[in-house]
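Shown next, in structure tokens, is the structure this report addresses.
The values are calculated or read from the model by the stated rules, or taken from the named source; none is laboratory data. Computed from a predicted model, the values in this text were never measured in an experiment. A quick note on method: Cβ atoms are made from the backbone with ideal geometry, for glycine too, and the neighbour counts reach across all protein chains shown.
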Amino acid sequence: MKRIVVSVTNDLSTDQRVHKTCSTLQDLGALPLLVGRRLPDSLDLKRTYKTHRMRLIFRRKVWFYVEYQLRLFLFLLFTKTDGLIANDLDTLLPNYLISKIKRIPLVYDTHEYYCHTPELIHRPNVQRIWLTVERYIFPKLKYVITVNQSIANRYKEEYGNDIAVVRNVTPFPKEVKTYKRSDWGIPDEAFVLINQGSGINVDRGMEEMVEALPHLPSDIILLIVGRGDVIPKLKKKVRENEAISKRIIFIPPQPYTTLLGITKLADVGLSLDKTTNPNYRFSLPNKLFDYIHCGLPVVGSSVVEVARIIRNYNIGAVIESHDVHEITNAILDVKEKGVEQFSECLKRASNDAQWTNEQTVLINSIKPLT
């Protein structure tokens, strides 16, 4: 059986995309080993394949990336493997070097338009380094996957590679934990908005959503589930505003089946990424499909792929700007129409967004490894 090492820079626990990749490798008869890092608050893992999480000295900024590149390179060098899958640009260089040294195939799965994320476009010197890595390696790659057609088109224009599209559709588990609202401190009579994810960061619309909350009826509650660099700022804002302090509930990252159980308690899903940078403008977050599968109408921003799905299936409302009043009006519009009005459209969207369709593309893309 072929041994395939799949590497990421996150802590593995909430990354459904790499979990699906590893599960598909197993289905193809391979032995995946998923490599990432361990954080102080990392959840325990229960997987049917092997995992390895490295404890790093540095957790942020340049020294984290330097340490991780070196540690990952050494790990791959001394690990027996027949193939590699690198997820995102921050794992690509070590994987590329090892693929050349060991003469083994490499698949690159780029989950975003990496060099155009807000974390990089506002730090041109750092962006220049990553662009140098990308421009050197990307044109040489034979097997590349990404998350939607918009990003695939841009990479094709820049580097000429043929790129497969595997959207972040997750198979809905057969068993999802069932909760009562009281289990999470949610009033039974509330109208619940939810935003979830492992990257609740700056420019993803949550600052404006918190500002909009006082303009909404008092029965509207906001759930923010996950982690991200904007969370401390949001918590500080909530502490300073007593009027909304009891209307926002922060929940840390949860195992996927638990997360979906929480999602099903909500009435509306939020996907409010801004279009201020190319990465967000062409993104397609997997939470959108979670909302759809849980039967939640969506209030989304004018991000290309998100807006297209909301409008094509008529499953919610799209805001054109992040003006507080526009956010407020969109939420009230969905609330007044009634969640039930969207149920048939959501069922149709859910039927079309099946993992089996995406998995077929993934299998064709990773077959060279197996």
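Some points to look at:
- Residues of segment 116-145 satisfying the condition of being free of Cβ contacts under 8 Å to residues at least 12 places away in the same chain and either among the β-branched types (Val, Ile, Thr) or in contact with an Asp or Glu (Cβ under 8 Å, 6 or more places away or on another chain) (or both): 129, 132
- Subset of segment 1-42 that is in a loop (DSSP other than H, G, I, E, B) and of a type in the set (Val, Ile, Thr) - its residue that is nearest to residue 368 (Cα to Cα): 8
- Within segment 146-170, residues that are free of Cβ contacts under 8 Å to residues at least 24 places away in the same chain sit with their Cβ atoms under 8 Å from residues that are among the hydroxyl-bearing types (Ser, Thr, Tyr), at 6+ positions apart or across chains, in these pairs: 152/146; 161/155; 163/146; 163/155.
- Test: residue in segment 49-64 that is touching a helix residue (DSSP H, G or I) at 6+ places or on another chain (Cβ under 7 Å), more than 18 Å from residue 141 (Cβ to Cβ) and at pLDDT 95 or above: yes
- Any hit, segment 105-127, residues being modelled with pLDDT of 95 or more, farther than 24 Å from residue 285 by Cα and among the hydrophobic types (A, V, I, L, M, F, W, C): yes
- Those helices (runs of 4 or more DSSP H) of segment 56-166 in which at least 2 residues are polar (S, T, N, Q) and touching a strand residue (DSSP E or B) at 6+ places or on another chain (Cβ under 6 Å), considering only elements entirely within it, cover 89-102.
- Of all the criteria given as (1) among the hydrophobic types (A, V, I, L, M, F, W, C); (2) touching a strand residue (DSSP E or B) at 6+ places or on another chain (Cβ under 9 Å); (3) more than 23 Å from residue 110 (Cα to Cα), the one not satisfied by residue 324 is (2).
Let's see how each residue does on (1) of a type in the set (Val, Ile, Thr); (2) touching an Asp or Glu at 6+ places or on another chain (Cβ under 8 Å); (3) modelled with pLDDT of 95 or more; (4) surrounded by 15 or more Cβ atoms within 10 Å (Cβ to Cβ):
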residue: 331; (1), (2), (3), (4): yes, no, yes, yes
residue: 335; (1), (2), (3), (4): no, yes, yes, yes
residue: 338; (1), (2), (3), (4): no, no, no, no
residue: 344; (1), (2), (3), (4): no, no, yes, no
residue: 349; (1), (2), (3), (4): no, no, yes, yes
residue: 356; (1), (2), (3), (4): yes, no, no, no
residue: 359; (1), (2), (3), (4): no, no, yes, yes
residue: 368; (1), (2), (3), (4): no, no, no, no
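- The residue pairs whose first member lies in segment 203-224 and is assigned by TED's automatic domain parsing to the domain that holds residue 273, whose second member is among the small types (Gly, Ala, Ser), and whose beta carbons are closer than 6 Å, counting only pairs six or more residues apart or on different chains, are 214/243; 219/190; 221/190.
- Restricting segment 159-189 to residues that are exposed (fewer than 14 other Cβ atoms within 10 Å of the Cβ) and farther than 30 Å from residue 248 by Cβ, the residue that is farthest from the chain's Cα centre (by Cα): 160
- Restricting attention to segment 310-322, the residues that are touching a residue at least 40 places away in the same chain (Cβ under 8 Å) and not aliphatic (A, V, I, L, M) total 2.
- Qualifying positions in segment 98-115 - farther than 23 Å from residue 11 by Cα and either without any contact (Cβ under 8 Å) to a residue 40 or more places away in the chain or assigned by TED's automatic domain parsing to the domain that holds residue 282 (or both): 99, 100, 101, 102, 103, 104
- Counted residues, segment 69-79 - those being touching a residue at least 40 places away in the same chain (Cβ under 8 Å), crowded, with 16+ Cβ neighbours inside 10 Å and out of contact with any helix residue (DSSP H, G or I) (no Cβ under 7 Å at 6 or more places or on another chain): 1
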